[in-house]
1. Measure off, as a whole percent, the carbon and sulfur share of the 1.4 Å-probe accessible area of segment 13-178, all protein chains present.
2. Label residue 145 and residue 60 with points 7 Å out from Cα along Cα→Cβ: what is the distance between them in nm?
3. As an exercise, use a Förster radius of 30 Å and the Cβ-Cβ distance of residue 115 and residue 436 to find the FRET efficiency, rounded to the nearest 0.05.
4. What FRET efficiency comes out for the pair residue 124/residue 175, r = Cβ-Cβ distance, R0 = 22 Å, nearest 0.05?
5. If one computes the Cα centroid of segment 183-205 and of segment 8-51, what distance in Å separates the two points?
6. Determine the sum of side-chain charges near residue 129: Lys and Arg each +1, Asp and Glu each -1, restricted to other residues whose C-beta is under 9 angstrom from that of residue 129.
7. Where Lys and Arg each count +1 and Asp and Glu each count -1, what net charge lies around residue 159 among other residues with Cβ under 14 Å from its Cβ?
8. Would you please name the GluC sites (Glu not before Pro) within segment 55-92 that are DSSP coil residues with at most 16 other C-beta atoms within 10 Å of their C-beta?
Amino acid sequence: MGIRPDVTPDSPIEEQPAIGLIGMGAMGNLYARCFSEAGWKKIYICDLPTKYDALKDKYEGVPGIHVLKDGHLVSRVSDYIVYSVEAEYIDRVVAEYGPSTKVGAIVAGQTSVKAPEKAAFEKYLPADVHIVSCHSLHGPTVSTAGQPLVIIRHRATDDAVTLVEHILAPLRSRYVYLSYEDHDTVTANTQAVTHAAFLSMGTAWHCSLSYPWEHGLYVGGIETVKVNIMLRIYSNKWHVYAGLAILNPSARVQIDQFARSTTEIFKLMLASDATGLRTRIYDARAKVFGYASNGKDGGSGDQSPGSESSNGSGKPRAPILLSEDILDRFSLGKKPTENLSPLSRQSTPPNSHLSLLAMVDCWARLGIKPFEHLDLAATPIFRMWIGVAEYLFRSEARLDSSIHAALYETSHRSDDLEFCVAARGWSQCISFGNFELYKQRFMHTAGFFESRFEEATKVGSAMIQALMDN
């Protein structure tokens, strides 16, 4: 390898590794900027040949960054190479540029699904290169500091892994060490159902031709998280979510179960089956969070953080979301004060929270313990969404209010119907394994909400940061 494994950006330029980035989408740009600002002086980047001139103009004068025409040139000179390309195309790109990899170099991939990446690296990379892959478990608009960064040692010496750790140090992320297989299991368990829920929300509101923050039913508290994160997901690149859903077999199973859970719970709602619905939801509550229904909660009915099963993780843990109050200042709309029934004039209009009920029911049916992965490799969106679910399910009073609304309150019933149809539609779309169909479905809804993306990105980032600081 020839590069000292403990090298830093302060080391003389002749001692620094040549860092190569193939693919300059949002994450490629994020890495390039971070490396440059940290002081790495030999950063070689490329994108599609048709984007060469534009990329050169964009990075003209940026310290340490050198724009090359293609991945062959990047691979030949770089000691550490990161493929930041869509999972759908990783095989094709590595087949093209992999054979040009410099002897003794270290190769990584930023794909969200690792099975295709692993296969491509094993098939096309020379035997004399190291494979130490990575994956930043957050989007490009979130601060990298403190976020989980997966490092996968697949074929490498100790020195190669140490060098990767030093190269990535400027991101100030928290390293999580996994195998390729464990990565795909963990990301499916933390992201698949989360994404499906928000994609279905967006599609449901789009089909209702409704901006949810405008009519007062989705304003404040938990509703703020639903709206802001839905907009955040649809403002991102569609392929980020398509790859995980279509190429990760575990994700497909979970998304299918999420659609079934949504449908079966909605049928219980329509049948006004109070006993059946309450039994099913409380059974899911016990399996996922470990809360026992003992009727001794009092007040809001909150289970204590250190109680019996400690949120299903086996260890005492403080709740992620202590109060909805912190969320209210990030709302895109205002709470209604008049022209609603007395029941709807309470602090938050009554909602079945079908998406949350279905998500927890899905995890229970599949035996998934989301808190086991929370500290290990949770994305900011998953941490927030599991926090909201925990907040709802922690309190028998809040959960009973949700069940009562599901059975008897009709203000959200039409949206719940649209959500049910949307969840099944997304599950069917993903089962076809067709990226173009996924793209069309995603972009159709994204276009409906596009006018609010810029604001939602800013508000969503502030909301995530506020919860992390809290």
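1. Looking at segment 13-178 in its full context, I get 53 percent from C and S.
2. 3.3 nm
3. 0.90
4. Values: r = 27 Å, r/R0 = 1.21.
Result of the calculation: an efficiency of 0.25.
5. 31 Å
6. Numbers: positive: 102, 155; negative: 128.
Within the 9 Å Cβ shell, the charges total +1.
7. Net of charged neighbours comes to -1.
8. Working: sites: 60, 86, 88; in loops: 60, 86.
Taking segment 55-92 and a limit of 16 other Cβ atoms within 10 Å, the loop GluC sites (Glu not before Pro) found are 60.
The values are calculated or read from the model by the stated rules, or taken from the named source; none is laboratory data. Here the structure is a predicted model, which is why all the values come from computation and not from measurement. Backbone-built Cβ (ideal geometry, glycine too); neighbour counts: all protein chains shown. Just the protein is used for accessible areas: all its heavy atoms, side chains included, with ligands, DNA and RNA removed. Shrake-Rupley method; radii C 1.70, N 1.55, O 1.52, S 1.80 Å.
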